[in-house]
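Taking it in order: structure first as structure tokens, then the write-up.
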Amino acid sequence: MPILTPVRRGILGGTFDPPHFGHLFMGEVAYRQLDLDVVTFMPAGSPWQKNDRSVSDPRRRLDMTRLAIAGVPYFEVDAREVDRDGWTYTADTLRTFPVHEELVVILGADAASRLSTWERHGEVTERARIAVMPRPGHTRQQVAETLGPDEFVWLDGPELDISGTVIRQRLESDKSVRFLMPESVRAYADAVGLHRVNST
């Protein structure tokens, strides 16, 4: 029987509506600090925690994510959550990876502070390490109170106040989003009419 080479995989999930430089920087910091082999960007298919708002078509979000990571050899996009029917749960996704892979779920501090509300969150923390990126308004202590002080890795990066919500709000106000996300993503969204994108 062949010996399987261990893989250290970071998994960075989200709606990516749209993907932006905050996502890419978080993946970069995790890749460098944790000595990962690859960072897998995982667009959610039907994110159950966001069923109270409209989310762009998953195939469009998948396309945008592919554009966002283009040219980075240690970044990849995975469509398994988009291809799955029904609500998307991280616990189910992690089960689909080979057991020999070492998995690291990469989260912003805002998401990590809410991890206890996730469906079967215990299965998530049992299968994967949790790496947490600083985010404005969310402290390391808050994350420690949710996960336990020794149950996560705090990533060494600045608190970037970039989010899909901020970008969408700027678009609704006809404000520029240039330098908040890759130009290829902005151009794609504009071309397919996905968001109201300022052309400047």
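Data table
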read-out	value
Residue in segment 37-47 that is β-branched (Val, Ile, Thr), out of contact with any Lys or Arg (no Cβ under 7 Å at 6 or more places or on another chain), at negative phi and at pLDDT below 95 present	no
Single residue of Glu159, Glu126 found to be of a type outside the set (Phe, Trp, Tyr), assigned to a helix (DSSP H, G or I) and more than 26 Å from Leu62 (Cβ to Cβ)	Glu126
Contacts under 9 angstrom Cβ, first residue in segment 162-178 being among the charged types (D, E, K, R), partner loosely packed, with under 13 Cβ neighbours inside 10 Å, 6 or more apart	Lys175/Gln169; Arg178/Thr200
Condition check for Val143: at pLDDT 95 or above and part of a helix (DSSP H, G or I)	yes
Qualifying residue in segment 86-101 (condition: more than 15 Å from the chain's Cα centre (by Cα), assigned to a loop (DSSP other than H, G, I, E, B), within 27 Å of Pro158 (Cα to Cα) and modelled with pLDDT of 95 or more)	no
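Okay, residues lined up against (1) more than 22 Å from Tyr31 (Cα to Cα); (2) in contact with a Gly (Cβ under 6 Å, 6 or more places away or on another chain); (3) surrounded by fewer than 20 Cβ atoms within 10 Å (Cβ to Cβ):
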{"residue": "Ile106", "(1), (2), (3)": "no, yes, no"}
{"residue": "Ala131", "(1), (2), (3)": "no, no, no"}
{"residue": "Arg140", "(1), (2), (3)": "no, no, yes"}
{"residue": "Pro158", "(1), (2), (3)": "no, no, yes"}
{"residue": "Lys175", "(1), (2), (3)": "yes, no, yes"}
{"residue": "Ala187", "(1), (2), (3)": "yes, no, yes"}
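The values are calculated or read from the model by the stated rules, or taken from the named source; none is laboratory data. Bear in mind the structure is a predicted one, so any value in this text is a computation, not a measurement. Don't worry about glycine lacking a Cβ; one is built from the backbone with ideal geometry, like all the others, and counts go over all protein chains shown.
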